[in-house]
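See structure below.
Only the coordinates and a few stated rules stand behind these numbers; no lab work does. This one's a predicted model, so the numbers in the text were calculated from it and none came from an experiment. Neighbour counts run over all protein chains shown; Cβ positions are idealised from the backbone, glycine included.
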Amino acid sequence: MLSRGSPLPSPAMSAHTSPAIELRGASKVFRTPSGAAHTAVRELDLTVGHGEFVAVVGPTGCGKSTTLTLVSGLEEPTQGEVLVAGQPVRGVGDKVGFVFQQDATFPWRTVLSNVMAGPRFRGVPKAEAKSRAREWLGRVGLAAFEDRYPHQLSGGQRKRVALAATFVNDPQILLMDEPFSALDVQTRALMSDELLELWEGTGASVVFVTHDLEESIALADKVVVMTAGPATVKQVFDIDLPRPRKVESVRLEPRFIEIYREIWESLGEEVRITRERGAAHVA
Ligand SMILES: Nc1ncnc2c1ncn2[C@@H]1O[C@H](COP(=O)(O)OP(=O)(O)OP(=O)(O)O)[C@@H](O)[C@H]1O
Ligand SMILES: [Mg+2]
């Protein structure tokens, strides 16, 4: 029996004192259709603090998306541990939000109905879900578009719907897998700025996977370079650029260019290894 004043933390306490996300020696082995074992992630250690924005870069096919699926609870690690707020991940929790490369909107629902869907699914009464959805649509500049269907929007607007539909659920953890890669360069920079503005008000911890080193530096507090597959953490770089940042201007700063060179030295080597292995498509 525990005595009073026991030093053992309660789940609530450990949620407060533990990092937002922790992977400890996490490995993921997939069975291929031929029955062979394929290691996608190998003994990966990674810590993400509360409210921290971490970007993950690495060569194509190295295991970045797989790492996100482990944090999300969509997949379980074959070995090691994955903790969210100090608790082992068991299935998909409702405090985790995702934004993927592909649009994840319901094509048969209006913009407003898309953004309301998450809160409704979580049992929020209709009127409240509607007012929260409208608030987030306002923040992403789509207040006038609530009655449209996704196919009546531009690619950038659909991305904004996806951001509103994610942030409306008040996620503590935000997992983003190349969310802006299908957009043109200008829209992409705009969306990055908007993401930073939205995120800065929430205190959410973010893991953002990208092929774009510039994007990763402009957005993140920490850039994690993964090795050629199977993915493990090669190096972690602290990004000491002041906030608030504007993507278009920050990338012209001398410090940005210095950081870029440093990280590219590390990442470029892994990209070369992947290329030499004969990967069909390289970052
Ligand atoms: N469900 C699965 N079954 C078998 N192999 C898989 C599965 N999912 C991923 N893989 C393999 O694991 C490796 C890592 O895949 P993953 O999608 O994590 O890479 P990635 O770093 O996200 O690549 P990209 O940058 O191209 O998106 C790849 O070789 C992939 O083929
Ligand atoms: Mg991927």
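Observations
- Sum of -39500 (n - 2.57) over DSSP H runs of 4+, divided by residues of the chain (222 nm, nearest 500): -11500 deg cm²/dmol
- Per-residue Cβ neighbour rank within 10 angstrom, fewest leading, 95, 126: 126, 95
- Label-zone membership for segment 156-171, site residue 92, 7 angstrom Cα→C-beta point, backbone N under 14 Å: 166
- By other beta-carbon atoms within 10 Å, ranking 192, 266, 154 with the fewest at the front produces 154, 266, 192.
- Segment 165-248: C-alpha gyration tensor shape, a/c 1.5 cut-off, then a/b vs b/c: rounded
- Helix screen, the chain: DSSP H segments with Cα axial length of 15 Å or more and mean Kyte-Doolittle hydropathy at least -0.5 are 111-121, 155-167, 185-200.
- Only aspartates and glutamates eight or more places from residue 234 in sequence, or on another chain, were considered; those with a Cα closer than 15 Å are 43, 45, 262, 265, 269, 270.
- In terms of its C-alpha gyration tensor, segment 103-170 has a prolate overall shape, because the principal axis ratio a/c (a ≥ b ≥ c, square roots of the eigenvalues) is not below 1.5 and a/b outweighs b/c.
- Distant-in-sequence amide contacts of residue 101, defined by a placed amide H-H separation under 5 Å and a gap of 5 or more residues or a different chain, comprise 177.
- Prolate/oblate/rounded label for the chain (Cα gyration tensor, a/c 1.5): rounded
- Length-normalised contact order for the chain - Cα pairs under 8 Å, 6+ apart - percent: 24
- With Cα atoms defining each centre, segment 32-55 and segment 220-265 are spaced 19 Å apart in the structure.
- For peptides 109-122, 214-227, sequence by mean Cβ density within 10 Å, most packed first: 214-227, 109-122
- Cα lying deepest toward the dipole's positive end in the chain, options 53, 113, 198, charges on Cβ: 113
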